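Trainee: Below is the structure I would like to discuss, written out as structure tokens.
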Amino acid sequence: MSLIAKDLISETLTGIELGESGEKALSMMNIFQVSHLPVLEGQTLINIINENDVLLNGFDKKIQDFDIKDKKVYVNEKCHFFNIIDRLAKNDLSLIPVLSSEEEYLGSITQQDIFQYFGDIFTFEFPGSIIELEIPIKDYSLSKISHIVELENTSIIGLLLNDNNKNDEVMDIILKLNKTNIESIISSFERHGYRVKSSFTSNNFSVDILKERYEALMHYLNV
């Protein structure tokens with residue numbers, strides 16, 4: 001499973017050319033379910049426009065006549081998954097263009113693409129559960145965490161960790177486990193001094209919760 005930008009590009013989303021109208025831009029945003037579009041001149045990325053740009057400049061006005069002062073934002077084709085999330089979040093974008101090393105436009109990655117990929121990383125379709133822990137950074141030990149889980153005849157099949165918690169003395173860890181009955185594992189973590197922030201099983205892990213976890217990941221990156 002690739003974590004590189006060029007392999008995460010949307011297969012359906014297209015950019016808008018300079019000569020097109022604001023009305024067409026809004027129509028495309030609606031079709032692709034995004035609030036931004038890359039503005040192109042051939043294979044060259046000119047800028048990114050959003051819904052407000054269209055409303056401020058006018059539906060009938062051509063994109064090339066828009067007054068857009070924002071700095072062009074994009075990622076290189078070799079950019080890593082987590083850096084893509086960071087760039088999307090810090091610029092409050094629904095998509096981000098991807099450029100080659102020669103600065104040729106290759107396509108865009110949407111927030112929905114990242115959302116879906118985040119789900120794939122944690123194999124949410126695979127039966128199991130998720131436990132979110134908060135522990136002191138000084139006490140972090142992957143081997144200890146794994147040992148606690150394995151003592152309950154359970155395996156860790158996905159893990160995300162971050163040390164950018166608001167409290168810089170603790171870190172957050174999200175574990176995907178291959179077991180749905182996790183009461184004993186939660187109790188074991190608590191006995192060992194770990195704070196269990198939340199837990200979900202495949203029976204109650206809804207799309208809304210997945211979105212919440214994605215938003216939490218954005219927050220973890222100091223957005």
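The values are calculated or read from the model by the stated rules, or taken from the named source; none is laboratory data. Fair warning: this is a prediction, and the values are worked out from it, not measured in the lab. All Cβ positions, glycine included, derive from the backbone under ideal geometry; neighbour counts span all protein chains shown.
Trainee: Does HIS36 count as modelled with pLDDT under 90 and either at positive phi or not acidic (Asp, Glu) (or both)?
Mentor: Values: modelled with pLDDT under 90: no; either at positive phi or not acidic (Asp, Glu) (or both): yes.
So HIS36 fails the test.
Trainee: On to the next question. Which of the residues belonging to the stretch 22-44 are assigned to a strand (DSSP E or B) and either within 16 Å of ASP65 (Cα to Cα) or small (Gly, Ala, Ser) (or both)?
Mentor: So in the stretch 22-44, the residues assigned to a strand (DSSP E or B) come out as 36-41, 44.
Hits for the stretch 22-44 are LEU37, PRO38, VAL39, LEU40, GLU41.
Trainee: Only residues in the stretch 164-177 that are surrounded by 19 or more Cβ atoms within 10 Å (Cβ to Cβ) count as the first member; pair them with residues that are modelled with pLDDT under 70 and of a type in the set (Val, Ile, Thr), Cβ under 8 angstrom, at least 6 apart or cross-chain, and list the lot.
Mentor: From residues that are surrounded by 19 or more Cβ atoms within 10 Å (Cβ to Cβ), the pairs are LYS176/THR123.
Trainee: Tell me the helices (runs of 4 or more DSSP H) entirely within the stretch 111-204 that contain at least 2 residues that are at pLDDT 80 or above, under 30 Å from LYS6 (Cβ atoms) and not hydroxyl-bearing (Ser, Thr, Tyr). Steps first, answer last, please.
Mentor: Numbers: elements: 111-121, 142-150, 183-191.
Result: 111-121.
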